Each structure stands twice: as structure tokens, then as C-alpha cells.
Amino acid sequence: MYTKPNAPSARQPIKYPDTRTFMTPRSNASPAASKRKTFKLDELEALCREQGYDITFSSHQGVFTLSKAGREEWVWIINPETERIVTALRALNREQWREVLNYNILRLNEEFKKAASDNV
């Protein structure tokens, strides 16, 4: 059976120009219905604010920093599994971000205790 060279086959993704996303012919869900696997920066900031912390991303340095609101102490966001600084939002999925934030909040609280014991 001959098909035109420009005709998409059943296995090629179809591009929807109005949404700029790709879907395979077998998927029934619309592009907006799929849940994102990663946080957006404003969602991550809101998650930290709920717990009383501030997270900032320095695009110049490519790093995230975490600090307590109104305090000078801060820590870089470090992935506990790799012991490396997290440099991108998409480096971690939502569950991994929650684990990383909990780990770094504990690190920051240790910095507070260390600073308090140094002042005494």
C-alpha cells in the first residue's frame, strides 16, 4: 500500500498548532487535561511561603536559595540523593521537590541552631 510521503503514519505524533503541543493519535485526553510533572516557579514559591520560608532562583548563577522569612541565614537547595545543587525546576518532579524542600528546611533549621549557639 502506497502512502504519500507527507502523510503522517499512525505512529507519528500529530501537531496541534493552536496548542503547540504534541499528542499521539492513541491519547484521548486534551493537552490541558494532563497533569504537569514539575512545579512552576510561582507554585514552588507559594509552597515555601505556606511553611514560612522564601525560595529564590538566581538565573545569573543558576541556583535556588532557601531562607526563613525575616532571617539572614540561607542555604542552597541541595538534592539529598545526589548531594548536588539543584539548578533547574525540571530537574525534579513534584514529589522529589517536596522531599528536597523538607531536607533543606531541616538543613536551614540546623543553621539557625548553629548561629544561635555561636551567639551565646
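The values are calculated or read from the model by the stated rules, or taken from the named source; none is laboratory data. Just so we're clear, the structure is a prediction, and the values are computed from it rather than from any experiment. With ideal geometry, Cβ positions are generated from the backbone for all residues, glycine too; neighbour counts draw on all protein chains shown. Keep in mind that these areas ignore ligands, DNA and RNA; they rest on the heavy atoms of the full protein, side chains included. Shrake-Rupley method; radii C 1.70, N 1.55, O 1.52, S 1.80 Å.
For this structure, a couple of remarks:
- Out of GLU111, GLU72, sole residue that is in a loop (DSSP other than H, G, I, E, B) and over 30 Å from LYS35 (Cα atoms): GLU72
- Only one of the numbered conditions (1) over 12 Å from the mean Cα position of the chain (by Cα); (2) open to solvent by less than 90 Å² (accessible area, probe 1.4 Å) is violated by LEU44, and that is (1).
- Scanning the range 90-120 for residues that are open to solvent by less than 40 Å² (accessible area, probe 1.4 Å) and at pLDDT 90 or above gives LEU92, TRP97, VAL100, LEU101, ASN104, ILE105, LEU108.
- Subset tally (residues that are within 13 Å of the chain's Cα centre (by Cα) and either exposed (fewer than 11 other Cβ atoms within 10 Å of the Cβ) or more than 15 Å from GLU111 (Cβ to Cβ) (or both)) for the range 63-82: 3
- So ILE85, is it surrounded by 13 or more Cβ atoms within 10 Å (Cβ to Cβ), free of Cβ contacts under 8 Å to residues at least 24 places away in the same chain and not polar (S, T, N, Q): yes
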